[in-house]
1. Before I look further, what does the chain give for accessible area per residue, probe 1.4 Å, in whole square angstrom?
2. For the chain, just the Cα set please: Rg and Dmax, both in angstrom.
3. Summing Lys, Arg as +1 and Asp, Glu as -1, what charge do residues with Cβ under 12 Å from the Cβ of residue 38 carry, residue 38 excluded?
4. Add +1 for every Lys or Arg and -1 for every Asp or Glu among the other residues with Cβ under 14 Å from the Cβ of residue 9, and state the total.
5. Which net charge results for the neighbourhood of residue 49, defined as the other residues with beta-carbon distances under 15 angstrom from its beta-carbon, given Lys and Arg at +1 and Asp and Glu at -1?
6. Quick one: how many lysine pairs does the chain have with C-alpha atoms less than 28 Å apart and a gap of 8 or more or different chains? Give me the count, please.
7. Scanning the chain for trypsin sites (Lys or Arg not before Pro) in DSSP loops with at most 16 other Cβ atoms within 10 Å, what's the longest stretch left with none?
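The values are calculated or read from the model by the stated rules, or taken from the named source; none is laboratory data. What you see is a predicted model; the values in this text were computed from it and never measured. A quick note on method: Cβ atoms are made from the backbone with ideal geometry, for glycine too, and the neighbour counts reach across all protein chains shown. Quick note on the areas: whole protein, heavy atoms, side chains included, nothing else; ligands and nucleic acids left out. Shrake-Rupley method; radii C 1.70, N 1.55, O 1.52, S 1.80 Å.
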Amino acid sequence: MSKLAKELYEEGRMEGRMEGHMEIILNMLLKGMKMEDIAEMTGLPKQDIEELARKQAH
């Protein structure tokens, strides 16, 4: 596998992981979990959780 192919593969894997994490975070929000708790559990900044919640609301 070429270096470019490896880089593209890894990039795709990371994007897939992020999509999975975002789905879990959305489910946590829908269950009424506090953003602070979600941020603590996921290690993501609270601002990222708030942004995701705003996007989901639209």
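1. About 85 Å² of surface per residue is accessible.
2. In Å, with Rg to one decimal and Dmax whole: 14.4, 45.
3. Net charge around residue 38: -2.
4. Working: positive: 3, 6, 13, 17; negative: 7, 10, 11, 15.
Local charge sum for residue 9: 0.
5. Summing Lys/Arg as +1 and Asp/Glu as -1 gives -2.
6. Numbers: 31/46; 31/55; 34/46; 34/55; 46/55.
Eligible lysine pairs with Cα atoms under 28 Å apart amount to 5.
7. Details: sites that count: 31, 34.
Counting only loop sites that pass the neighbour cut-off, the longest clear stretch is 1-30.
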